[in-house]
Amino acid sequence: MELSYQEKLTLIKLSEVGKTKFEELVKRTGLDQVAVMRAVLGLQSKGLAKLHEKSERVVRLTETGRKYAEIGLPERRALEVLKEKKKATLDDLRNVLSEDELKPIVGLLRKESWASVRKEDGKLVLEITEKGLSAEERSIDTALKLLTERKTVPLEEIEGLIPVKELKRRKIAEEDSVTERLVEISPEGMELVKRGIELKEEVSNLTPELIKSGKWREVEFKRFNISAPVRRIYPGKKQPYRAFLDKIRKRLIEMGFIEMVSDSLIETQFWNFDALFQPQNHPARDWTDTYQLKYPKNGHLPMEELVASVKAAHEHGLAGSRGWGYVWSPERAMLLMPRAHGTALSGRQLARGVEIPGKYFTIQRVFRPDVLDRTHLIEFNQVDGFVVGEDLNFRNLLGILKRFAVEIAGARKVKFLPDYYPFTEPSVQMSAYHPELGWVEFGGAGIFREEMTKALGVDVPVIAWGIGIDRLAMFKLGIDDIRYLFSYDLRWLREARLVW
């Protein structure tokens, strides 16, 4: 039977007494408690020793209880004053009682009929009674002495004197749980010791010094049990959802996309709606569908030439369309709002200039009024992107979306359904099949309308999409409440798996 150095030492010391308290065994071996416990458990698994554990509820004094043990219970101190003076005012009692003790002890003296209480010359006066002069020791005095002498007393023993809740109410004592551990050598263990156990120095690592000196021949090398249970360690790691988003960002960059970034969560309606050819009377602009900034209320429009081009597209149309046929309002376009979708950055990028051909993406926090529940948030993340090129068509869009579903979601099957968005035509909704989750709506996409792209200075096809990534992450991370993505629950943050 293979035993470690610590197991051998523990077994030898245990054989000297047969059965002993764990604390005594620690002293005998000279090892620390953790090492001895590990050795005892190892010996127990080999049938050489046995660990007996017994837990019980005990009562111990609090700081207040220890103070009372030294200077006496407040009622006893008050009685001493009354026995000396026969009559005493509250000021007399203040010499031996704190303000916190004064009021309840006056009530207790009257309740026990140890003193009468009355007013004289506007002052409260206490006068000791015959019962107070002969007041005997009570159960609380006995319990206090017992706890002072023995430090900890079994709960049942204290309950036989006085209800523990009374001691706890007066903050004299508190409950605790203690475990007594006894270690006993087994007959097999004793027989092994009698046959003789050789104690040799044990080392964990084979060092150059051991090899050079030849000492490696004289020592034993510690064997490691890789299946033994150990204390769980939680190393530092990224927040699980943050790590998930970073992997998506990395994957898109590996696919050749350029990231669009923004240092603000606030947009003007111009970039959130107008630049995307969404009319100013569209219901999505109402307070029920988007947030509005109360202060400051207005932002600034971009350069006049771009504003004029967008205005013309709305009022009269571009690329052969008739526009929306209304008078476009710059004041409405200047209103500030928390960004409602990441497509606002796509409009900004197109106006700023793009490589042709080129691929762009962004991961942005967006805000929309909704009822918070396990599947809805009022602020969430979106992955938006577009590809611009001379010969792009709808089939190219479907191909990119399918690859995106396979690369990002790990989907095996993808299907597309017709849809409508003000700034794309044709438009499509994409759903991906997950082997565990079934068909899941993955996002919306389409070809940007020419009224939008030409107004922003781009004269080639642009295929684009927007994906609510939070729900996908919810499935990927194995949670059933989307709010957990932003949770401060330490247990979940520690145990959540990092996925891709």
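Quick note: the coordinates plus some simple rules give every number you see, no bench work behind them. Owing to the predicted nature of the structure, the values given are computational and were not obtained by experimental measurement. Glycine also receives a Cβ, built like all others from the backbone with ideal geometry; neighbour counts cover every protein chain displayed.
Of note:
- Under 5 Å, built H, 5+ apart or other chain: amide partners of residue 125: 118, 119, 120
- Ranked by the mean number of other Cβ atoms within 10 Å per residue, highest first, peptides 55-64, 98-107, 369-378 order as 55-64, 98-107, 369-378.
- Once the convex hull of all Cα atoms in segment 1-139 is built, its volume per residue stands at 170 Å³.
- Bins of 5 Å, starting at 0 and running to the largest distance - Cα pair percent for segment 371-418: 4, 14, 20, 18, 18, 15, 7, 3, 1
- Net charge dipole size for segment 414-481 [Lys, Arg +1 and Asp, Glu -1 on Cβ; Debye, nearest 20]: 140
- Bridge type composition, the chain - antiparallel percent by DSSP, nearest 5: 95
- Cα convex hull of segment 242-495, projected area averaged across orientations, nm²: 14.2
- Gap separating the Cα centres of segment 220-272 and segment 337-358, nearest whole Å: 26
- For segment 242-495: lysine pairs under 13 Å (alpha-carbon distance), excluding those fewer than 8 apart on one chain: 4
- Cβ-based net charge around residue 238, under 11 Å, with every Lys or Arg adding one and every Asp or Glu removing one: +2
- Cut-off 9 Å between beta-carbons: net charge of the residues surrounding residue 323, Lys and Arg +1, Asp and Glu -1: -1
- Neighbourhood net charge (9 Å Cβ-Cβ; Lys/Arg +1, Asp/Glu -1) for residue 258: -1
- Over segment 161-256: Rg over Rh, Cα atoms, Kirkwood Rh: 1.29
- Over the chain, the ratio between the Cα radius of gyration and 2.2 N^0.38 Å evaluates to 1.71.
- Calculated FRET efficiency, residue 195 to residue 113, Cβ-Cβ distance, R0 = 60 Å: about 0.20 to the nearest 0.05.
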